[in-house]
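Structure first, commentary second.
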Amino acid sequence: MTKKILILPGDGIGPEIVAEARKVLEKVNEQLSLGLVLTEALVGGAAIDATGLPLPEDTLTAAREADAILLGAVGGPQWDTNPDFQIRPEKGLLGIRAQLGLFGNLRPAILYPQLAHASTLKPEVVSGLDILIVRELTGGIYFGQPRGYRTKENGVREGYNTYVYDENEIRRIGRVAFEAARARNKKLCSVDKANVLEVTVLWREVMNELAVDYPDVELSHMYVDNAAMQLVRAPKQFDVVVTGNMFGDILSDAAAMLTGSIGMLPSASLDANNKGMYEPCHGSAPDIAGQGIANPLATILSAAMMLRYSLDSAAAADKIEAAVSQVLDQSLRTADIISEGMTRVSTSEMGDAVVAALS
Ligand code: NAD
Ligand code: IPM
Ligand code: MN
């Protein structure tokens, strides 16, 4: 049986890192006869340049028809000044998330022991780190209405967005998080701003209601400002963190740095049936695009998550994760995770090393 994988390289370093993940997927496909069929389509700025739209109809159709999607990254300064917000690269990504109902975003921050010294934090603070951020991905302030940008009658400009969740949206992401915690160390921390925002008063209430169904999971609550501080102070106190769309975006970038580099953090964005899109947590890194120095490991690890969650190929996922660990054992490092005594490699050399480690 074949499985259709849609690859969306996107912009900036997107095509560079996705090319390496593709090599890895092709290798495990051949080794384990997975029946993967890989196709590519345009999204983001690349799609705007080619078609005028960040999410062309063809791409959306291909995304719906695929068994899983692997995305590089979208965005770049050349599209940032477009006054029409609908024609921004980021709308392509947000559009797929919304159209496919990919509300459950899993962002695991795991420190490979080999990278304990690549973190900007002390090794004892981060060693053994293994936390999971569960981010709501299709609601909250990213999608709330009304939203807009206008000039008022008095000539003063204003921008506005609406932070809204209904209880069903909170409950379904809450369940994802409780289930994940149940399968791990049974600790769930819900992050909100319930001291200021009514929407997160509801968030906290719903999490407390859900906790009744998960007596084996220890639920705690934390305000987002404290959570940001605690993540840097003592990150190992966390097991699973569940939070809304924007807080999750911010906290996961902070968590990424605990693992040594944002170039190490993969993600899965899932619907209720575990169909999903997989992408590194980082962006298109325009500052290093085209130089062949980006770290492809977050994308390669995202491909592993794809095999595990959407393609029922845990063995292939394990194999890729072991290969990444082996490459780190060989002291190979891209520029973002380099430290003394290590060998610096390019994006494609890193991809090749992972492929070689699979053999
Ligand atoms: P970014 O994540 O692209 O880059 C932040 C910093 O991290 C940069 O210094 C970059 O060089 C570095 N970095 C990121 N990925 C790296 C990698 N794999 N290897 C080595 N270094 C890496 O964030 P930004 O600069 O705020 O955003 C740039 C563009 O990316 C924007 O247009 C933004 O909207 C977009 N973006 C897209 C996604 C996505 O597609 N999922 C995510 C975040 C940002
Ligand atoms: C991410 C990105 C996106 C987000 C942007 C590019 C829309 O930062 O995937 O973390 O904010 O969700
Ligand atoms: Mn982000």
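FYI, it's all coordinate maths here, none of it is from the lab. Bear in mind that the values here come from a model prediction, so they are computed numbers and not experimental data. Cβ: placed from backbone, ideal geometry, glycine included. Neighbour counts: every protein chain shown.
Things worth noting here:
- Estimated Rh, segment 249-359: Kirkwood, alpha-carbon pairs, angstrom: 14.5
- Residues 220, 119, arranged from fewest to most other Cβ atoms within 10 angstrom of their Cβ, appear as 220, 119.
- Computed packing ranks the peptides 104-115, 79-90, 232-243 as 104-115, 232-243, 79-90, most packed first, by mean other Cβ atoms within 10 Å.
- Overall, segment 120-159 carries a charge dipole of about 280 debye about its Cα centre when +1 sits on the Cβ of Lys and Arg and -1 on the Cβ of Asp and Glu, all other atoms neutral.
- Residues of type lysines that residue 236 reaches as a straight line, Cα spacing below 24 Å, ignoring anything fewer than 8 places off in the same chain: 122, 186, 187, 193
- For residue 217, the shell of other residues with beta-carbons less than 13 Å away shows a net charge of 0, using +1 for Lys and Arg and -1 for Asp and Glu.
- Viscosity 1.002 mPa s, 20 °C: Kirkwood-radius Stokes-Einstein D of segment 13-139 over Cα pairs, µm²/s: 125
- Assuming charge only on the beta carbon of Lys and Arg (+1) and of Asp and Glu (-1), the dipole of the chain about its Cα centre is about 320 debye to the nearest 20.
- Sorted on the mean count of surrounding Cβ atoms within 10 Å across their residues, most packed first, peptides 168-181, 314-327, 8-21 read 8-21, 168-181, 314-327.
- Theoretical ellipticity at 222 nm over the chain - DSSP helices of four or more residues, -39500 (n - 2.57) apiece, nearest 500: -12500 deg cm²/dmol
- Shape of segment 212-302, Cα gyration tensor, a/c cut at 1.5: oblate
- Of the beta bridges in segment 130-258, as assigned by DSSP with both residues counted there, near 25 percent are antiparallel.
- Each of 258, 149, 206 was scored by the projection of its Cα onto the charge dipole of segment 137-291, and the greatest displacement toward the positive side belongs to 258; charges sit on the C-beta of Lys, Arg, Asp and Glu.
- Here the simple spin-label model places points 7 Å from the Cα toward Cβ, and for residue 346 and residue 198 these points are separated by 5.7 nm.
- Cross-link reach list, lysines versus residue 3, counting only Cα pairs under 24 Å and skipping chain neighbours closer than eight places: 23, 27, 275, 319
- Shape call, segment 147-219: gyration tensor on alpha carbons, a/c limit 1.5: prolate
- Peptides 44-57, 206-219, ordered by how many other C-beta atoms sit within 10 Å of their residues on average, highest first, read 44-57, 206-219.
- Contact order, relative form, for the chain: 22 percent (alpha carbon pairs under 8 Å, 6 or more residues apart, mean separation divided by residue count).
- Fraction of antiparallel bridges per DSSP, the chain only, in percent to nearest 5: 40
- Each Lys and Arg adds +1 at its Cβ and each Asp and Glu adds -1 at its Cβ; summed about the Cα centre, segment 130-258 shows a dipole of about 300 debye.
- For residue 109, the residues whose modelled amide H falls within less than 5 Å of its own, excluding neighbours fewer than 5 places apart on the same chain, are 131, 132, 133.
- In terms of surrounding Cβ atoms within a 10 Å radius of their Cβ, 259, 162 rank from fewest to most as 162, 259.
- Whole-angstrom gap from segment 129-164 to segment 287-359, using each part's C-alpha centre: 34
- Ratio Rg/Rh, restricted to segment 130-258 and using Cα atoms, in which Rh is the Kirkwood radius: 1.04
- When the charge dipole of the chain is built from unit charges on Cβ atoms (+1 for Lys and Arg, -1 for Asp and Glu) and taken about the Cα centre, the candidate among 12, 235, 277 whose Cα reaches farthest toward its positive end is 235.
- Each Cα pair under 8 Å and six or more residues apart adds its sequence gap; the mean of these over the residue count of segment 130-258 is a relative contact order of 36 percent.
- For segment 177-194, putting each phi into the Karplus relation 6.51 cos²θ - 1.76 cosθ + 1.60 with θ = phi - 60° gives couplings of 6, 4, 4, 5, 5, 4, 7, 10, 9, 6, 10, 10, 10, 9, 10, 8, 9, 6 Hz, in residue order, rounded to whole numbers and with x for Gly and Pro.
- Cα gyration tensor shape for the chain, rounded if a/c is under 1.5, else prolate or oblate: rounded
- Normalised contact order of segment 271-359, rounded percent, pairs of Cα under 8 Å and 6 or more residues apart: 30
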